Amino acid sequence: MSVTLAALGALVVSLDASVNIAFPAMSAAFGVGPVSIRWVIVCYVLTYAVTAFGAGLLADRFGPGPVFTAGLWISAAAFAGYLAVSSFGLLLVARVLQGVGGGLIYGTAPALITLALPRERHGFGLGRLALGMGVGLALGPLVGGVLVEASGWRAVFLYRAPLALAVGLLSLLRSPRGGRVGAWRLPPRAEWLRGSVLGALLLSALANWAQFAVWLLVPYYLVGVRGLPATGAGLFFMLTPLGTAAMSPLAGRITDRTGARLPMTLGLTAEAVGLILISRLDATSSWPMVGVALALVGLGLGFFQVPNLAQVMRAFPAARQGAAGGLAFMSRTLGIVAGVQVSASVFGGLERALGWSGAFTAAFAVAGGVCALAAVLALVSVRSPRAPGLRGGL
């Protein structure tokens, strides 16, 4: 049941992909452009980056179940709170509150799984967690497109309030009640300052840095440049997270059998190729080309993130699985913040000189280069050939 709960919680949080397809509508409602709308992403993910690590420490003290459940209640309240948003500033405040709830969920979900399964099944369980995230990310753009056209931008938040309440109630009834499992302290430096851990965290940050250029800029390409309605744009946009969801279970099985190096390197390479292909898109690009490029980014990320997360979790003992999961999600989301800021800065700095298309190309060329660098680092530095030995890692 712990694996299912973790996957359901991750699904509720990852349905935030509904929000990105609503960016053009939010821009129109509040009179802001892509450079300003990035704060809708940054306020949310930076908050849950910090909260995720704190949640992991709380989970090591009190057990992951109660912290996970609290995150669902807070998320439900945050989603309902968007009814009161009347300005761009209040929208950002609501995103911070939502980030607190999301961080409590994401920071404890890995520990729910790894504490419930034997080590040799961690890849399987974390693959199911990634599948839950991927399904939410895949459905989000489509659901968001439908809701924006029918009810406006607020609807992409409001529909998740009852979902968070339902999963929160299930968690309250079925999550493990184990009390204290570890000490109230940071992991020893000898654990989290090892090369295997720091290297895996760096690769996660770079991979998510690169792919979040898609989440920031592609909605504007699909709606503004290609003229698709929100629903049609959502159908195309969902190809990226759908690819992530499709690859996650396979990546988990391969990780359990062969270790992290192969799936991590192949995943990062595929993601880099997809980002470079996106950099070449313009107003006349064929729709199959658009679809292939978006899908490749998602397939690559899905193949990468399960072995990467498994590598971090296996580097820590059972008493600090909460901290391990929190560290993993913190590095991921700090990479997202960096990616959003860099992509927005590159795009905004070059748009006047190069035009929209030229700035779009430059932003994705930078993202592709970052991901290619990560692929090279994974290839040359992940030394352990089999999953059980990842503690000697990167």
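The values are calculated or read from the model by the stated rules, or taken from the named source; none is laboratory data. Every value quoted in this text rests on a predicted model; they were computed, and no experiment measured them. For neighbour counting, all protein chains shown are included, and Cβ atoms are generated from backbone atoms with ideal geometry for every residue, glycine included. What goes into the accessible areas is simple: the full protein's heavy atoms, side chains included, and nothing from ligands, DNA or RNA. Shrake-Rupley method; radii C 1.70, N 1.55, O 1.52, S 1.80 Å.
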Quiz item: Calculated FRET efficiency, residue 289 and residue 149, Cβ-Cβ r, R0 22 Å, to nearest 0.05?
Solution: 0.30
Exercise. Choose one answer from 98, 341, 311: the residue with the largest mean-square fluctuation in a GNM of the chain with alpha-carbon springs under 10 Å.
Key: 341
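Compute the relative contact order of the chain as a whole-number percentage, counting only Cα pairs closer than 8 Å that sit 6 or more residues apart in sequence.
27
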Self-check item: 5 angstrom amide H check on residue 85, placed H, neighbours 5+ away
Solution: none
Quiz item: Per-residue ellipticity at 222 nm for the chain, helices alone: DSSP H runs ≥ 4 residues times -39500 (n - 2.57), over residue total, nearest 500 deg cm²/dmol?
Solution: -27500 deg cm²/dmol
Exercise. Sort 195-201, 130-136 for me by packing, meaning the mean count of neighbouring Cβ atoms within 10 Å per residue, highest on top.
Key: 130-136, 195-201
Quiz item: For segment 164-170, in order, what is each residue's ³J(HN,Hα) by Karplus, 6.51 cos²θ - 1.76 cosθ + 1.60 with θ = phi - 60°, in whole Hz (x at glycine and Pro)?
Solution: 5, 5, 5, 5, x, 5, 4
Quiz item: Karplus couplings for segment 299-314 from phi (6.51 cos²θ - 1.76 cosθ + 1.60, θ = phi - 60°), rounded to Hz, Gly and Pro as x?
Solution: 4, x, 5, x, 6, 8, 6, 5, x, 5, 5, 4, 5, 5, 5, 6
Quiz prompt | Dipole in debye (nearest 20) - the chain, about Cα centre, beta carbon charges: Lys, Arg +1; Asp, Glu -1 | solution = 1120
Quiz item: Can you give the accessible area per residue of the chain, in Å², using a 1.4 Å probe?
Solution: 35
Practice problem: Would you please give the FRET efficiency between residue 29 and residue 373, computed as 1/(1 + (r/R0)^6) with r the Cβ-Cβ distance and R0 = 45 Å, to the nearest 0.05? | Solution: 0.75
Exercise. Using the Karplus curve 6.51 cos²θ - 1.76 cosθ + 1.60 with θ = phi - 60°, work out ³J(HN,Hα) for each residue of segment 198-203 in order, rounded to whole Hz, and write x for Gly and Pro.
Key: 4, x, 5, 5, 5, 4
